Amino acid sequence: MSTLDSADPATLTGDYTIDPAHSAIGFVARHAMVTNVKGGFQDFTGTLHLDGADPTKSTATLEVQMASIETGNADRDGHLKSSDFFKIDEHPVMTFRSTKAESLGGDDYRITGDLSLLGVTKPLTIDLEFNGAAKDPFGNERVGFEGKAEILRSEWGLTWNAALETGGVLISDKIKLVFDISAIKNA
């Protein structure tokens, strides 16, 4: 891969489509108060509009198919799809639509938007690190970002839990969200 001139952010201005084959949208939840369970979504689409001259004019959208949740355990995945959690029959899609973008200096950015899940829409702020830009062997111009955020799942109505005999609960309210995004510039 050849590196694009990311020293001149204006060269990155344009519309991009997230490449799900080279991207990941995941989460981490504390389980039984002692360990982390990691999972992700396998079916998602999204777009970016990058404005290299004025990053505040950049935007992002994301649509996640909730049935694509995967944690490495079929029983747990089935439970997460059920009416105890994501109610995928009623709410098959989770969406994110940006409302604000800001440069924090260097390769650090912050994007804020509306996360809609289970019929509830609330603001979500994602801290992003720009990983660079390159032209792949097929001539596609790519950009990469890593992101992270934390939410309280109860704010979106995800309240199912079980008490532990030793105290505490089975699943934490705080969920860490992680993003690894590769996006291809539209022709």
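The values are calculated or read from the model by the stated rules, or taken from the named source; none is laboratory data. Since this is a predicted model, take the numbers as computed values, not measurements. We place every Cβ from the backbone using ideal geometry, glycine too, and count neighbours over all the protein chains shown. Heavy atoms of the whole protein, side chains included, go into the accessibility calculation; ligands, DNA and RNA do not. Shrake-Rupley method; radii C 1.70, N 1.55, O 1.52, S 1.80 Å.
If the condition is being open to solvent by less than 40 Å² (accessible area, probe 1.4 Å), outside any loop (DSSP other than H, G, I, E, B) and either over 19 Å from ALA21 (Cα atoms) or among the hydroxyl-bearing types (Ser, Thr, Tyr) (or both), then segment 131-162 contributes ALA149, ILE151, ARG153, TRP156.
Here are some residues: ALA29, ALA60, ALA24. Which one is open to solvent by 30 Å² or more (accessible area, probe 1.4 Å) and among the hydrophobic types (A, V, I, L, M, F, W, C)? Explain how you work it out, then say what you get.
On the way: ALA29 fails: open to solvent by 30 Å² or more (accessible area, probe 1.4 Å); ALA60 fails: open to solvent by 30 Å² or more (accessible area, probe 1.4 Å).
ALA24 is the lone residue from the list that is open to solvent by 30 Å² or more (accessible area, probe 1.4 Å) and among the hydrophobic types (A, V, I, L, M, F, W, C).
If you go through segment 1-21 and keep only what is of a type outside the set (Ser, Thr, Tyr), surrounded by fewer than 18 Cβ atoms within 10 Å (Cβ to Cβ) and at pLDDT 80 or above, you end up with GLY14, ASP15, ASP19, PRO20, ALA21. A Cβ distance below 7 Å, combined with a sequence gap of six or more or placement on separate chains, defines the contacts here; from segment 144-156, residues that are more than 12 Å from TYR109 (Cα to Cα) reach residues that are exposed (fewer than 15 other Cβ atoms within 10 Å of the Cβ) and basic (Lys, Arg) in the pairs GLU150/LYS174; LEU152/LYS174; GLU155/LYS122; TRP156/LYS122.
For ARG110, are the conditions met, namely being open to solvent by less than 60 Å² (accessible area, probe 1.4 Å) and among the basic types (Lys, Arg)? Lay out the reasoning, then the answer.
Working: open to solvent by less than 60 Å² (accessible area, probe 1.4 Å): no; among the basic types (Lys, Arg): yes.
So ARG110 does not fit the description; no.
Of all the numbered requirements in (1) open to solvent by 70 Å² or more (accessible area, probe 1.4 Å); (2) under 26 Å from ALA133 (Cβ atoms); (3) aliphatic (A, V, I, L, M), LEU48 misses one, and that requirement is (1). Considering segment 39-57, the residues that are modelled with pLDDT under 95 and part of a loop (DSSP other than H, G, I, E, B) include one that is farthest from MET94 (Cα to Cα), namely ALA53.
Out of the residues in segment 65-89 that are open to solvent by 70 Å² or more (accessible area, probe 1.4 Å) and part of a loop (DSSP other than H, G, I, E, B), which is nearest to PHE27 (Cα to Cα)?
Kept after step one, since they are open to solvent by 70 Å² or more (accessible area, probe 1.4 Å), are these residues of segment 65-89: 70, 72, 74-76, 83, 89.
Among the residues that remain, those that are also part of a loop (DSSP other than H, G, I, E, B) are: 72, 83, 89.
On the way: GLY72: 13, SER83: 19, ASP89: 21 Å.
The extreme case among them is GLY72.
Considering the conditions (1) open to solvent by 60 Å² or more (accessible area, probe 1.4 Å); (2) modelled with pLDDT of 95 or more; (3) under 19 Å from TYR16 (Cβ atoms); (4) more than 12 Å from the chain's Cα centre (by Cα), PRO92 is excluded by exactly one of them, (3).
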